[in-house]
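Report on the structure given below.
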Amino acid sequence: MAYLNENYLKLEAGYLFPEVARRVREFCEANPEASKRLIRCGIGDVTEPLPSAAIDAMKQAIDEMGKRETFRGYGPEQGYEFLRSTIAQHDYRDRNIEIADDEIFVSDGSKCDCGYILDILGDQNKVAVPDPVYPVYVDTNVMAGHSGPVKSDGSYEGLLYLPCIVDNVFVPEPPREHVDLVYLCFPNNPTGAVASREQLSRWVDYAQEHEALLLYDAAYEAYVSQPNIPRSIFEIPGARDCAVELRSFSKNGGFTGVRCGFTVMPKSLLARTESGKRMPLHPLWHRRWSTKANSVSYPVQRGAAALYTPEGRQQIRVLIDHYMGNAKILREAVAEAGMTVFGGVNAPYIWVKTPDGLTSWQMFDRMLRDLNVVITPGAGFGTQGEGYFRVSAFNSRENAQEVARRLEKMR
Ligand code: MLT
């Protein structure tokens with residue numbers, strides 16, 4: 001009989017969002033009338049239709065695939081040149097950040113890249129994650145055997161958790177101890193916090209001093225509204241030597257169902273072998289894609305490239321304004337209901353202190369039962385998330401307004 005990967009057995013519970021979905025399903029089965037009023041502000045999944053620029057480009061690409069003269073089979077494993085150069089130019093070089101076309105690797109999304117990246121990193125790395133945290137960073141490391149067993153509070157032995165709390169405005173400072181790999185996410189999921197240039201510079205200094213690698217998840221960069229907040233880790237001098245950036249078209253172009261994202265892997269980024277030899281990670285990442293994947297389909301890559309056209313950019317602006325309009329409505333409604341609220345200014349997530357000392361799952365139950373609104377319990381994101389809940393602004397305007405009305409009941 002074959003052996004299984006026992007690391008999977010360490011995983012404490014189901015993945016957070018399927019777990020939320022399971023509890024919601026149970027509630028709906030038991031309460032069919034209430035289920036008709038249900039509004040989902042749980043998972044951060046977009047609700048608005050795709051930008052027409054992307055739709056037109058994907059349709060045209062499908063038509064090309066239907067003619068012998070323009071048909072395409074396998075594409076380059078790292079992504080088509082037309083998309084890699086468009087990304088490097090618009091997201092980086094136009095903002096005075098030196099990133100070469102071949103430092104962009106197109107993928108099926110940044111959640112996926114969070115897992116894939118561990119293929120090229122050693123199992124010896126000491127890993128630090130924020131707490132609360134996007135659960136994928138933790139679970140992929142547990143699956144890869146980079147942690148010990150789960151502890152009674154749901155955290156894992158062997159990982160270093162960086163508390164993100166009110167006192168540090170949910171932005172962790174570098175630890176005193178040494179780690180090799182640090183996950184950072186700004187604008188943050190789940191707290192909606194953003195890091196200043198000074199805070200990110202301290203992380204780059206730490207990484208240089210400790211020869212650590214920063215895995216910087218910038219999936220929500222399009223939501224930054226304050227002009228002085230960095231949108232990319234590569235805005236910080238020195239980051240090219242210590243950071244990988246993960247980006248996505250899910251939350252700007254609404255591609256959660258289409259699937260496309262990318263990593264930026266600078267060629268100057270080094271890691272070490274067990275014997276102490278320093279080697280670039282870029283060729284390993286290139287090789288990983290060549291061997292394990294064939295990138296993303298041609299029509300999807302055409303759709304992603306169309307998001308950078310003048311029309312595409314304008315349509316993204318409309319989407320972001322829509323979701324951030326929801327964020328403002330929800331943020332204000334939560335505050336008026338007497339709760340303490342964070343985030344929702346540079347991010348589509350609102351992070352709320354639970355009232356009356358409720359645990360976050362108790363608050364989840366109360367919101368579901370009394371308001372028929374689904375939120376995400378903060379404890380699902382880590383021990384420091386206990387006593388908080390997250391409200392997602394990804395919704396129709398009508399639903400955001402209705403949630404605001406229902407919250408009045410909680411005043
Ligand atoms: C979330 O709700 O945290 C996100 O939608 C999850 C994701 O992007 O994978």
Can you sort Trp203, Trp289, Trp361 so the residue with the fewest Cβ neighbours within 10 Å comes first?
-> Trp361, Trp289, Trp203
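Using the Kyte-Doolittle scale, which helices in the chain average at least -1.0 and also have C-alpha atoms spread 24 Å or more along the helix axis, with helices defined as whole DSSP H runs? Spell out each step's value before the answer.
On the way: long enough: 310-336 (39 Å, -0.44).
Once both thresholds are applied, what remains is 310-336.
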Taking Thr383, Thr263 and counting other beta carbon atoms within 10 angstrom, the fewest-first order is Thr383, Thr263
Counting DSSP beta bridges with both partners in the chain, what percentage is antiparallel, nearest 5?
-> 55 percent
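For the chain, state the semi-axes of the equivalent ellipsoid (square roots of 5 times the eigenvalues of the alpha-carbon gyration tensor), sorted largest first and rounded to whole angstrom. If you can, show how the numbers build up before the last one.
Working: eigenvalues 216, 152, 90 Å².
With the √(5λ) rule applied to the chain, the semi-axes are 33, 28, 21 Å.
Regarding segment 1-92, what is the average projected area of its C-alpha convex hull, in nm²?
Values: hull surface 53.1 nm².
Projected area, direction-averaged: 13.3 nm².
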Long-range amide H contacts for Asp131: which residues qualify at under 5 Å (H placed 1.01 Å from N, peptide plane, sequence gap of 5 or more or a different chain)?
-> Leu162, Cys164
Along segment 244-260, Karplus-curve 3J(HN,Hα) (6.51, -1.76, 1.60; θ = phi - 60°) to the nearest Hz, with x for Gly and Pro, reads 10, 10, 10, 9, 8, 9, 5, 9, 9, x, x, 8, 4, x, 7, 6, 6
Run the dipole for the chain about the Cα centre, Lys and Arg Cβ at +1, Asp and Glu Cβ at -1, nothing else charged, and hand back the magnitude in debye, nearest 20.
-> 740 debye
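Peptides 398-405, 118-125, 107-114: what's the order by average Cβ count within 10 Å, highest mean first? Mind dumping the intermediate values first?
Numbers: 398-405: 16.9, 118-125: 14.8, 107-114: 21.4.
Listed from highest to lowest mean packing, they are 107-114, 398-405, 118-125.
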For segment 347-362, what does the Karplus curve 6.51 cos²θ - 1.76 cosθ + 1.60, with θ = phi - 60°, yield as ³J(HN,Hα) per residue in whole Hz, taken in order and with x for Gly and Pro?
-> 7, x, 10, 10, 10, 10, 6, 5, x, 6, x, 5, 6, 5, 6, 5
Any idea how many Lys pairs in the chain come in under 24 angstrom at the alpha carbon, given 8 or more places apart or on separate chains?
-> 19
Hey, what number do you get for the chain at 222 nm if only DSSP H runs of n ≥ 4 count, each worth -39500 (n - 2.57), divided across all residues, to the nearest 500?
-> -10000 deg cm²/dmol
Projecting the Cα atoms of Asn125, His146, Ala54 onto the charge dipole of segment 1-148, where Lys and Arg contribute +1 and Asp and Glu -1 at Cβ, the residue farthest towards the positive end is Ala54
Compute the separation of the alpha-carbon centres of segment 22-37 and segment 42-58 and state it in Å as a whole number.
-> 27 Å
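Quick note: the coordinates plus some simple rules give every number you see, no bench work behind them. Everything numeric here is computed off the predicted structure, so don't read it as measured data. Glycine also receives a Cβ, built like all others from the backbone with ideal geometry; neighbour counts cover every protein chain displayed.
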